[in-house]
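Chemist: I have a structure I would like to understand better, so I am pasting it below and will then ask my questions one at a time.
Coordinate-derived values only; no laboratory data. Predicted model, so just to flag it, every value in this text is computed and none were measured. Positions of Cβ are generated from backbone atoms using ideal geometry, with glycine treated the same way; all protein chains shown enter the neighbour counts.
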Amino acid sequence: MDNQEFITGNDKLEFRQIVLTHIKAILEHSKNEFRQKKKTITGGQYQSSTIILEENEGLVYVQMVEHLAYILCGHFDKEIKDKYNDYIKIIRINVIDYAEDNFKEIKEIYKKMFGKEEFNEIPYKDIKKILIMKQLKEAKLLFVELMLLLKRVDYLKGIVYGEATESTEVIEVDKN
């Protein structure tokens, strides 16, 4: 992988820095417990309303890994392309498609999670939890594969061992 540089204003930002910064953010985020987090926003000076935003930290992690894959996709080799295609199918799937395609599996997971043997209908929120768990698992596996890709191409060698890279490719940004 070339050590490309992106020019933003007067600062140069290497492609390697973008990748490493993103990996660092994923690792920092992965230290947290993946749970539902609520944020309360109270209205401004003229409003008296309150908004509660819900953010699932597991989904944030999934999206961060997915975006790292997008950053690196131009450098994929044969080995990761096949695995990526398998993982990304689950990562990108929506709840309705997942419920239709995997209802038998969902019923089994639901029984294990909630201890219910008989049910007429699984609540949407529970199907969503199950899908997020599945997506989180696939994102972790994809993250491992992305790290193995970087190892295969000795991408981190210069950073870890302090070796200089042979060439740098500068990409000019047209300011017009």
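Chemist: What length, rounded to one decimal in nm, is gained on full extension from M147 through to E28, with 0.36 nm per residue of separation minus their alpha-carbon distance?
Modeler: On the way: separation 119, 0.36 × 119 = 42.84 nm, distance 1.55 nm.
Result for the pair: 41.3 nm of gain on full extension.
Chemist: Full-extension gain between I71 and D126, please, as 0.36 nm times their residue separation minus the C-alpha to C-alpha distance.
Modeler: Values: separation 55, 0.36 × 55 = 19.80 nm, distance 3.21 nm.
Full extension from I71 to D126 adds 16.6 nm.
Chemist: Using modelled backbone amide H atoms (1.01 Å from N, in-plane), which distant-in-sequence or interchain residues come within less than 5 Å of E14's amide H?
Modeler: Long-range HN contacts for E14: F6.
Chemist: Residue-wise, which Karplus ³J(HN,Hα) couplings in Hz belong to the stretch 62-76, taking 6.51 cos²θ - 1.76 cosθ + 1.60, θ = phi - 60°, and x for glycine or proline?
Modeler: 4, 5, 5, 5, 4, 6, 4, 4, 5, 4, 8, 4, x, 10, 5
Chemist: Same structure, new question: Restricting attention to the stretch 57-98, which trypsin sites (Lys or Arg not before Pro) occupy a DSSP loop and are surrounded by at most 15 other Cβ atoms within 10 Å? Could you put the intermediate results ahead of the total?
Modeler: Working: sites: K78, K81, K83, K89, R92; in loops: none.
Answer by residue number: there is no such site.
Chemist: Order 67-73, 23-29 from most to least packed using the mean count of other Cβ atoms within 10 Å. Can you show the working numbers first?
Modeler: Working: 67-73: 16.1, 23-29: 13.6.
Highest-to-lowest ranking by the protection proxy: 67-73, 23-29.
Chemist: Using 0.36 nm per residue, how much length does the chain from N85 to M113 gain when fully extended, once their Cα-Cα distance is taken away? Spell out each step's value before the answer.
Modeler: Values: separation 28, 0.36 × 28 = 10.08 nm, distance 2.86 nm.
Extending this stretch completely gives an extra 7.2 nm.
Chemist: While we're looking at this one, here's another question. Give a residue-ordered list of calculated ³J(HN,Hα) values for the stretch 98-114 (Karplus: 6.51 cos²θ - 1.76 cosθ + 1.60, θ = phi - 60°; whole Hz; x for Gly, Pro).
Modeler: So the Karplus estimates, Gly and Pro as x, are 4, 4, 5, 7, 10, 4, 4, 5, 4, 4, 5, 5, 4, 4, 5, 6, 10 Hz.
Chemist: Sticking with the crude label model, points 7 Å out along Cα→Cβ, report the distance from V95 to K137 in nm, one decimal please.
Modeler: Result for the modelled spin labels: 2.0 nm.
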